[in-house]
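Single-structure report; data block below.
The values are calculated or read from the model by the stated rules, or taken from the named source; none is laboratory data. Since this is a predicted model, take the numbers as computed values, not measurements. A quick note on method: Cβ atoms are made from the backbone with ideal geometry, for glycine too, and the neighbour counts reach across all protein chains shown.
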Amino acid sequence: MSSFDQTQYLGGGNAADMRTTNLNLTATSTETERLLAETEALRIEEEAIRSRQEMRAARDRALGTVAINDEDVMMDDPEIPDNDRIAGSLGLACLRLVLAAFLGLRGVQVLFNIVETSSWLAERNIPISDTMAWALGLSLVLISFLLIIGFGVRLAGLLTTVLAVAVLVFLRWGFSGLLVDGEPGFIGDVEVLVAGLGLTLLCLGSGGLAIDAAMRSDRAKRRQYE
């Protein structure tokens, strides 16, 4: 009997095949367990990502945040007007403050000398001179305040111009000649200058160093997104 026959007779071949099969089954089982573990890890990771996305979406909804997609276009900031740039802003701010100091001082002087102011108005045939004296003083102080904070500067410029012209027409001119011997300038030259400054602010606005500038910028941004 050959050695192969002896091995087969003794069951050696079947035993080797069985061991090989068992090793293959063990390897297959290990590979399956590894694949199952990787699949479970991926599922857990996907659930964590989905949970984070849901939490982020809920937070954005609560905060009113709008998500940006590929179709959204980033828009540039609105162009800054020349008067709101550095040079224009500084120049108009100085103009506002100088005019505010002048008008504010005049307004305080009127209010602290209301009797004298009322008498002076009455001498020039201004009706209800007491009321007009108070109105004049308060108007000057209000205009000064608006110019300082830079709010409603064009309106303040309009009021300044109207008030200066009214003073010229009703209080300065018509009572004597424009030129007075021994006096520099002419009658009402200060009011003419104030009217010119008021007209300048009416045309140019406040400049960048003012509340009006912030409001203009906000309106320009809103118009961009309409």
request  = With the condition kept exactly as written, say whether any residue in the stretch 173-183 is outside any helix (DSSP H, G or I) and in contact (Cβ under 8 Å) with a residue 12 or more places away in the chain.
outcome  = yes
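Residues in the stretch 153-171: is at least one polar (S, T, N, Q), within 19 Å of V194 (Cβ to Cβ), in contact (Cβ under 8 Å) with a residue 40 or more places away in the chain and in a helix (DSSP H, G or I)?
Of the stretch 153-171, the ones polar (S, T, N, Q) are 160-161.
When the remaining residues are screened for being within 19 Å of V194 (Cβ to Cβ), the result is 160-161.
Going one step further and asking which of them are in contact (Cβ under 8 Å) with a residue 40 or more places away in the chain, we end up with 160-161.
Going one step further and asking which of them are in a helix (DSSP H, G or I), we end up with 160-161.
Looking for residues that are polar (S, T, N, Q), within 19 Å of V194 (Cβ to Cβ), in contact (Cβ under 8 Å) with a residue 40 or more places away in the chain and in a helix (DSSP H, G or I), one finds at least one in the stretch 153-171, hence yes.
A quick yes/no check of all residues on (1) at pLDDT 90 or above; (2) closer than 16 Å to I148 by Cβ:
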position	(1), (2)
P184	no, no
E191	yes, no
L197	yes, yes
L201	yes, yes
S206	yes, yes
A210	yes, yes
R222	no, no
Y225	no, no
inquiry  = One residue is enough: does the stretch 76-86 have a residue meeting the conditions under 30 Å from V192 (Cβ atoms), part of a helix (DSSP H, G or I) and modelled with pLDDT of 80 or more?
reply    = yes
Count of residues meeting criterion [closer than 17 Å to V169 by Cβ and β-branched (V, I, T)] in the stretch 116-158 = 1
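In the stretch 114-129, is there at least one residue being part of a helix (DSSP H, G or I) and under 30 Å from I211 (Cβ atoms)? Give the steps one after another, and end with the answer.
Filtering the stretch 114-129 down to residues part of a helix (DSSP H, G or I) leaves 114-123, 129.
Filter once more, keeping what is under 30 Å from I211 (Cβ atoms): none.
No, the conditions are met nowhere in the stretch 114-129.
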ask   = Can you find a residue in the stretch 120-136 that is in contact with a helix residue (DSSP H, G or I) (Cβ under 6 Å, 6 or more places away or on another chain), surrounded by fewer than 15 Cβ atoms within 10 Å (Cβ to Cβ) and under 19 Å from A195 (Cβ atoms)?
value = yes
